[in-house]
1. In the stretch 188-202, what residues are in a loop (DSSP other than H, G, I, E, B) and open to solvent by less than 40 Å² (accessible area, probe 1.4 Å)?
2. Pick from GLU223, GLU261, GLU270, GLU208: which is open to solvent by 30 Å² or more (accessible area, probe 1.4 Å), at pLDDT below 90, outside any loop (DSSP other than H, G, I, E, B) and of a type in the set (Asp, Glu)?
3. Would you mind listing the helices (runs of 4 or more DSSP H) fully within the stretch 94-187 where at least 3 residues are open to solvent by 30 Å² or more (accessible area, probe 1.4 Å)?
4. Would you mind stating whether ASP216 is loosely packed, with under 12 Cβ neighbours inside 10 Å and under 28 Å from GLN152 (Cβ atoms)?
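The values are calculated or read from the model by the stated rules, or taken from the named source; none is laboratory data. This structure is a prediction, so every number in the text was calculated from the model and none was measured. For neighbour counting, all protein chains shown are included, and Cβ atoms are generated from backbone atoms with ideal geometry for every residue, glycine included. Just so you know, the surface numbers come from the protein's heavy atoms only, side chains and all, with ligands and any DNA or RNA stripped out. Shrake-Rupley method; radii C 1.70, N 1.55, O 1.52, S 1.80 Å.
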Amino acid sequence: MCDSYAAEMEWATSIIESNINKTMEEIDGLGTDSHDISDLEKELNSALECLQNKIDNVRPEPLSTVTKFRNVNIGDDFDNSMITPLNSSVAGPHLTGAKPPKPPYFETGSNFIIFARRFKEHLILCGHSGGSDISTYMLSYIRCESTWEILQKISLRPDERCNIDLLIKRYSEEIFPATQSWAYRTELMSLRQLANENLQQFISRIDELAFKAGYDCESKRDESCLHVLVVGARDVAVRTKLYESQLHSYREAVKLAIHTERITLAVSGEPGGFTQ
């Protein structure tokens, strides 16, 4: 195409140059006869018009920017299993301008409650506000084969697919069946802080067991967690502070307990306390 276009242009240019030179020689020989000059100007304009038409006829067509897909039958049913789940590496930037970090993968032996909480935080940072299916995306982070097999068989309602809170609740009901709830509640009420774990780790265990227990009543769940924290905390200063305070919720008690522990650590000069 390029070679043909160049050859045509060279041919047309040679013709018009020859006609122009011939016309200019005739004009020089006519002197001031305006009638003859006018006729030659017409011939010159005609030659220029001929050149323009030639250029238009051999100008290459613009390249199409439309990608043509081969071996695609537009009558086939759409299969959404072929869609790659949204990757957080291409998620929208956070308010700071940085891309949100990927949530951790759920591996064999991982804590599902912590995984679900961090996955929800990831969606919030990505700007997800509902309306789109996030179930497949969440499953793409489940690397525990047995858990993936359980969750991918669940028949979800449309609202469960688009709402992260409903989706986590539905998945949790399958991972932690209601038939085991009483066993989890019994384990929760006997929970105590271990010698090798800090207060935050103990609180995480309380949250995990309370989630597994599947309390129908939020106030009952809050009351049970508060009791376990007050009774099970290993630090005497923390237990005393919780006993003496007028607490209205478990979360309020958590904040007070962590604050008290940090003061205690700071006074004793141990790591984890307040710093100047």
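1. Applying the first criterion (in a loop (DSSP other than H, G, I, E, B)) to the stretch 188-202 yields 190-198.
Those that are in a loop (DSSP other than H, G, I, E, B) and open to solvent by less than 40 Å² (accessible area, probe 1.4 Å): LEU191, GLN193, GLU197.
2. Values: GLU223 fails: at pLDDT below 90; GLU261 fails: at pLDDT below 90; GLU270 fails: outside any loop (DSSP other than H, G, I, E, B).
GLU208 is the lone residue from the list that is open to solvent by 30 Å² or more (accessible area, probe 1.4 Å), at pLDDT below 90, outside any loop (DSSP other than H, G, I, E, B) and of a type in the set (Asp, Glu).
3. Qualifying helices (runs of 4 or more DSSP H): 112-125, 145-152, 158-162, 164-175.
4. Answer is yes for this residue.
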